[in-house]
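Notes for the one structure printed next.
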Amino acid sequence: MNVYIICNSKTGFTRRYADWIAEETGGTVMSYEKLGKTGIDAEDIVIFGSRLHAGRIEYLDKIKARLKSHRRFIVFATGGAPNAAAEVHEKIRNMNFTEQERVTIPYFYMQGGLNYERMGMLDRILMKTAAKVMSNKKTLGPEDAGFAKAIRSSYDIASREYIRPLVEYLKASI
Ligand SMILES: Cc1cc2nc3c(=O)[nH]c(=O)nc-3n(C[C@H](O)[C@H](O)[C@H](O)COP(=O)(O)O)c2cc1C
């Protein structure tokens, strides 16, 4: 039985978490883009990590379809939102998993940040447009004001400690 960490990372946050998880679990990191036809067995543990993109865990649906026969399938997402934004994460969970999946697929969120320098052009335009729209709004609630401030420039709030709940879950379930 092997542990595979399949990772979709555009600017490096998810990859950093995947590497930390691999160090702790002895797992192998594989890039989602280069996945191809791999030799992952139905008995192996698959951890899928991806970024949040407008509330969606990018490529989650494709991975779910591909790994439906895997009993041990764990998902983690990284994003710009802080771990503490519990209501936001509840909504994200509901958007990305069916009621049944919320019971059967363990899901973990790990705060990452934003990296404009490594972002693709389309993503940069989207984020800069969102920042502009927010700054033009006359009144912002406290949550929106925090978001508007956060997306103006790059920031990094990732930390190795945030892998702990996933690693502990994994160790307890092997
Ligand atoms: C267009 C766009 C949309 C995003 N949407 C969200 C979002 O809905 N929630 C969130 O917390 N972060 C969001 N982010 C931030 C990314 O999820 C965050 O930077 C993530 O850690 C990037 O992972 P990566 O470095 O592995 O690509 C968004 C970023 C971009 C560029």
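With respect to being outside any helix (DSSP H, G or I) and exposed (fewer than 12 other Cβ atoms within 10 Å of the Cβ), Glu161 falls outside the description. Just one of (1) among the hydroxyl-bearing types (Ser, Thr, Tyr); (2) more than 23 Å from Ile21 (Cβ to Cβ); (3) modelled with pLDDT of 90 or more; (4) part of a helix (DSSP H, G or I) fails for Ser135. It is (3). Restricting region 90-112 to residues that are of a type outside the set (A, V, I, L, M, F, W, C) and buried (at least 18 other Cβ atoms within 10 Å of the Cβ) leaves a set whose member that is farthest from the chain's Cα centre (by Cα) is Asn96. Consider Ala54 against the criteria (1) near the ligand (Cβ under 10 Å from one of its atoms); (2) at pLDDT 95 or above: it satisfies all of them except one. Which criterion is unmet? Of everything listed in (1) near the ligand (Cβ under 10 Å from one of its atoms); (2) at pLDDT 95 or above, Ala54 misses just condition (2).
Mind checking which residues of region 12-31 are of a type in the set (A, V, I, L, M) and within 12 Å of the ligand (Cβ to nearest atom)? Correct list: Ala18 only. Consider region 67-102 and keep the residues that are at pLDDT below 95 and of a type in the set (A, V, I, L, M). The one that is farthest from the ligand (Cβ to nearest atom) is Leu67. Filtering Lys34, Lys64 for residues that are surrounded by 18 or more Cβ atoms within 10 Å (Cβ to Cβ), farther than 19 Å from Ala158 by Cβ and either modelled with pLDDT under 95 or more than 16 Å from the ligand (Cβ to nearest atom) (or both) leaves a single hit, Lys64.
The values are calculated or read from the model by the stated rules, or taken from the named source; none is laboratory data. The structure presented is a predicted model; accordingly, all values stated were derived computationally and were not measured. Neighbour counts run over all protein chains shown; Cβ positions are idealised from the backbone, glycine included.
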